[in-house]
Amino acid sequence: MNAREQAEACPTKTTLPPDSDHAVSAAPADRTALIALAHNAAAQDSLDPALVCAIVEQESAWDPHAIRYEPAFRTRYVAPLGLPPTDARSISWGLMQVMGQVAREHGFSAKSLAALCDPAAGLAIGCVVFAAKLRASADDVQHTLTLWNGGANASYAAQVLARLAKYR
C-alpha cells in the first residue's frame, strides 16, 4: 500500500481547532473511551496518564484518524536511511501523531502504518516511544516534549503542560 492508499485508509481532518497542532476533536462519548484507552496505554509504560492525554489533545485533538505528512522529517531522518521510496514513514499518524519511521524503529510491525490510526495501537506505540524519549532525557518532561515535537514549535512543551490539569 502506497502513502496515498494509506492516507485514504486513515483520512485526516483539515479543520484545526484552536491551540492544537493537527486535527478536529472527537465527540464527547468517543473521547471518554479514548481517554480510558490512553490511561491504560500510559500505565503500560509507567507514564503519567494526564501527560499522555495532554499530548493527545495537543497533537490530534482526540481524532484517531489524524495524519500529517512531515516533509522536514523525511528530509532529515528518512531519506538518509536509503529505504525504498515511501512517504508513509514521513507521516505522523493517529492520536499521538507518531511518525511512521519512529514507530518502525520502536517495533511497530503491522503491515500498514495506517494501523497507527487504531486508537489502541497508536497509543501503545506512542507511549513506548515517549517513555523511551523520557528515559533518554533523564526524566526531563519538558525536554522530552521538545524531542517529541521535533523542535518545530517552541511553545509546544508549555502548551502540552497547560493541558495537564484538565486530565488530573
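Taken over segment 90-120, residues that are part of a helix (DSSP H, G or I) and either touching a Leu at 6+ places or on another chain (Cβ under 7 Å) or polar (S, T, N, Q) (or both) amount to 6.
Go through segment 109-132 residue by residue and tally those that are under 17 Å from Asp30 (Cα atoms) and either without any contact (Cβ under 8 Å) to a residue 60 or more places away in the chain or among the hydrophobic types (A, V, I, L, M, F, W, C) (or both).
Counting residues in segment 109-132 that are under 17 Å from Asp30 (Cα atoms) and either without any contact (Cβ under 8 Å) to a residue 60 or more places away in the chain or among the hydrophobic types (A, V, I, L, M, F, W, C) (or both) gives 6.
For segment 148-160, what are the residues that are more than 17 Å from Ile67 (Cα to Cα) and crowded, with 16+ Cβ neighbours inside 10 Å? Within segment 148-160, Tyr156, Ala157, Gln159, Val160 qualify. Scanning segment 34-50 for residues that are aliphatic (A, V, I, L, M), out of contact with any Lys or Arg (no Cβ under 9 Å at 6 or more places or on another chain) and touching a residue at least 12 places away in the same chain (Cβ under 8 Å) turns up Leu34, Ile35, Leu37, Ala38, Ala41, Ala42, Leu47. When segment 111-146 is limited to residues that are modelled with pLDDT under 95 and surrounded by fewer than 18 Cβ atoms within 10 Å (Cβ to Cβ), the one that is nearest to Gln97 (Cα to Cα) turns out to be Ser112. Can you pull out every residue in segment 98-137 that is of a type in the set (D, E, K, R) and farther than 21 Å from Leu81 by Cβ? Answer for segment 98-137, where residues must be of a type in the set (D, E, K, R) and farther than 21 Å from Leu81 by Cβ: Asp118, Arg135.
Across segment 125-166, the qualifying residues are those that are in a helix (DSSP H, G or I) and of a type in the set (D, E, K, R), and the one among them that is nearest to Glu105 (Cα to Cα) is Lys133.
The values are calculated or read from the model by the stated rules, or taken from the named source; none is laboratory data. Predicted model only: the values in this text are computed from it and were never measured. Note that each Cβ is placed from the backbone with ideal geometry, even for glycine, and that neighbours are counted across all protein chains shown.
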